[in-house]
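Peer 1: Starting off with a structure, shown below.
Read-outs: derived from the displayed coordinates by stated rules, not from any lab. Because the structure is a prediction, the values reported are computed rather than measured. Quick reminder, even Gly has a Cβ in these numbers, built from the backbone with ideal geometry, and neighbours come from all protein chains shown.
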């Protein structure tokens, strides 16, 4: 089940990341998450991995409410689908959708490893039986809390957005 809500503050950064990963695995087998992932693939060729991952990314980025939480909580992906969430909730949902289709994933904490200020993720293709990918896995970044492009790292997206505003 995982730690009680109030223990999140006492977790190290490594423990938080491990807990987020456990929520991804739990979420990937949730029927609602699996149904959403499969429905998002309608009309895509099964070997067009770039488009398939981009659809998952756009769905979470554009259709799932993003908001800061007054108290840090890690939500299951089904809760995030209904209520939205912050960066870690978006990562859990996106990685759960990807892993439901057997795309490898990597939850990436940003900032101080013991006290991350943000979470983002990388998704791999082609699909694999290994959640961490294998020798054939090609990785790309997927950020959903800002208007990042599929495959664009959060820092690159922030620079692009800032330059666009300055022009």
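Peer 1: Counting only helical runs of four or more DSSP H residues, what would the 222 nm mean residue ellipticity of the chain come to if each run contributes -39,500 (n - 2.57) and the total is spread over all its residues?
Peer 2: One gets -14000 deg cm²/dmol as the mean residue ellipticity at 222 nm.
Peer 1: Quick check: the distance between the Cα centres of region 37-66 and region 108-127, to the nearest angstrom?
Peer 2: About 20 Å separates the Cα centre of region 37-66 from the one of region 108-127.
Peer 1: Let me ask something additional. Arranged by the count of other C-beta atoms within 10 angstrom, fewest first, what order do 139, 99 take?
Peer 2: 139, 99
Peer 1: Give the peptides 104-114, 83-93 in descending order of average Cβ contacts within 10 Å, highest first.
Peer 2: Sorting 104-114, 83-93 by mean packing, highest first, produces 83-93, 104-114.
Peer 1: Another question, if that's okay. For residue 67 paired with residue 12, estimate the spin-label separation in nm (one decimal), with each label point 7 Å from Cα along the Cα-to-Cβ line.
Peer 2: 3.4
Peer 1: Could you give the Stokes-Einstein D for the chain in µm² per second, using the C-alpha Kirkwood radius, 37 °C, 0.692 mPa s?
Peer 2: Approximately 204 µm²/s, per Stokes-Einstein.
Peer 1: Which of these, 54, 98, 37, has the largest mean-square fluctuation under a Gaussian network model of the chain (Cα springs below 10 Å)?
Peer 2: Greatest mean-square fluctuation among the candidates belongs to 54.
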